[in-house]
Amino acid sequence: MADFHPRVFSGVQPTGNLHLGNYLGAITKFVALQKTHECLYCVVDLHAITVPQDPAELKASIRKVTAAYLAAGIDAKKQIVFNQSQVAAHAELAWILNCVARLGWLNRMTQFKEKAGKDRENVSVGLYDYPVLMAADILAYQATHVPVGEDQKQHLELARDIAQKFNLDFAASIAALGLGDAFFPLPEPLIQGPATRVMSLRDGTKKMSKSDPSDYSRINLDDDADLIAQKIRKAKTDPEALPSEVEGLAGRPELDNLVGIFAAVNDETKAQVLQAFGGANFSTFKTALVDLLVAKLAPIGAEMSRLAKDEAFIDGVLADGAARARAIAAPVVTAVKDIVGFVR
Ligand code: TRP
């Protein structure tokens, strides 16, 4: 297959509060990738409205996620930070890809089944079509690498299937236009390992989630030092001391989670954390964890809140990002129109 210019694309939905799981699982990965790759980081507002959103809250969330990207260290001058709805190519390409994707493929999407639950007849058509829009997000930029969580792996596979079917169905047209032997790259997932999967502070077997009714289940990026301390102090634990080996974490999901958080935030392994804290009781470890989170996370949260309030600045970043995103996506969409046989 043709050689494609390496390009990273990823997105975060502007819904609810960003928490430690989003930060460690996604945003820090985005920050690291900008050293080696050209990156587009999108606030996927079109995806957000696949379920009902309050308009005023949606607007605030779009600015908050943008502020979080910037506060975490994404360089919006070098990389492209933008919101999806400002670039028409996403919706335009999604329609064409809707005609490539097969109903049977979408019927297999487990996230739709989970989100729709028993209310299948009553969810939006957009929720069903969500993965095709996600494929359009990626393919509009001919992106080659996509950092995502484990839960998005199936959607990425679908994006690859759509890209491949498009390349095959239109192979003759692509060749006739002199566009080589494949128009879309097959985007590679960069899956975050279980090491950075952050679990609920109340139940170590459930993912930390913005939809958990208990705010004590998560650390939000904009929690202040006092709230972080309270939440960690109240976090569920067991009565035993900390083990000195990683094997000792088996069957202790809450402890495993807290040790994992410590390791990820301090950029070390769980083994290193346990070397330092093996034999310690929980209150010693929790105090150290609070100190660490307050030192590393609270400044980012404070910067995020400060930036999110500066609407003119954030909106300027998004407008600039959208203009640069359009410049990449527009020729791709134009070529797709030529490939499928539209007159323009
Ligand atoms: N569905 C992704 C999530 O919920 C967000 C997303 C939308 C995305 N479009 C994308 C991620 C494109 C990667 C690439 O996490």
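The values are calculated or read from the model by the stated rules, or taken from the named source; none is laboratory data. Treat the numbers as computed from the prediction; the structure is a model and nothing was measured. All Cβ positions, glycine included, derive from the backbone under ideal geometry; neighbour counts span all protein chains shown.
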query: Pick from 100, 81: which is part of a strand (DSSP E or B) and more than 11 Å from the ligand (Cβ to nearest atom)?
result: 81
- request: Might you let me know whether the range 224-235 holds any residue that is at pLDDT below 95, under 30 Å from residue 63 (Cβ atoms) and in contact with a strand residue (DSSP E or B) (Cβ under 8 Å, 6 or more places away or on another chain)?
  value: no
task: Sort through 132, 146, 87, 125 and tell me the only one that's modelled with pLDDT of 95 or more, in contact with a Lys or Arg (Cβ under 6 Å, 6 or more places away or on another chain) and of a type in the set (Val, Ile, Thr).
output: 87
- request: Of all residues in the range 110-149, count the ones that are under 30 Å from residue 3 (Cα atoms) and among the hydrophobic types (A, V, I, L, M, F, W, C).
  value: 11
- request: Looking at (1) closer than 23 Å to residue 296 by Cα; (2) aromatic (Phe, Trp, Tyr); (3) within 11 Å of the ligand (Cβ to nearest atom), find the lone condition where residue 23 falls short.
  value: (3)
- request: Considering each residue of the range 149-203, count those that are under 14 Å from residue 136 (Cβ atoms) and either touching a strand residue (DSSP E or B) at 6+ places or on another chain (Cβ under 7 Å) or aliphatic (A, V, I, L, M) (or both), and give that number.
  value: 6
- request: Say whether the condition of being modelled with pLDDT under 95 and either of a type in the set (Ser, Thr, Tyr) or surrounded by 14 or more Cβ atoms within 10 Å (Cβ to Cβ) (or both) is met by at least one residue in the range 307-322.
  value: yes
task: Run residue 71 past the list (1) surrounded by 17 or more Cβ atoms within 10 Å (Cβ to Cβ); (2) away from the ligand (no atom under 16 Å from the Cβ); (3) under 19 Å from residue 158 (Cβ atoms) and report the number of the one that doesn't hold.
output: (3)
- request: Being more than 15 Å from the ligand (Cβ to nearest atom) and out of contact with any Pro (no Cβ under 6 Å at 6 or more places or on another chain) is the filter here, so list the residues in the range 1-16 that pass it.
  value: 1, 2, 3, 5, 6
task: Kindly provide the set of residues from the range 52-80 that are within 18 Å of the chain's Cα centre (by Cα) and among the basic types (Lys, Arg), ordered by number.
output: 63, 64
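Results for (1) buried (at least 21 other Cβ atoms within 10 Å of the Cβ); (2) more than 10 Å from the ligand (Cβ to nearest atom); (3) under 28 Å from residue 206 (Cβ atoms), shown as yes or no for each residue.
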| residue | (1), (2), (3) |
| --- | --- |
| 89 | yes, yes, no |
| 105 | no, yes, no |
| 110 | no, yes, yes |
| 116 | no, yes, yes |
| 123 | no, yes, yes |
| 127 | no, yes, yes |
| 135 | yes, no, no |
| 151 | no, no, yes |
| 166 | yes, yes, no |
query: Just to be sure, is residue 179 closer than 24 Å to residue 338 by Cα, over 27 Å from the mean Cα position of the chain (by Cα), away from the ligand (no atom under 13 Å from the Cβ) and in a helix (DSSP H, G or I)?
result: no
statement: Here the qualifying pairs (Cβ atoms under 6 Å; residues six or more apart or on different chains; first in the range 71-83 and on the phi > 0 side of the Ramachandran plot; second modelled with pLDDT of 95 or more) come out as 73/31
message: Of everything in the range 168-187, what is among the acidic types (Asp, Glu) and loosely packed, with under 14 Cβ neighbours inside 10 Å? Give them in sequence order.
response: 181
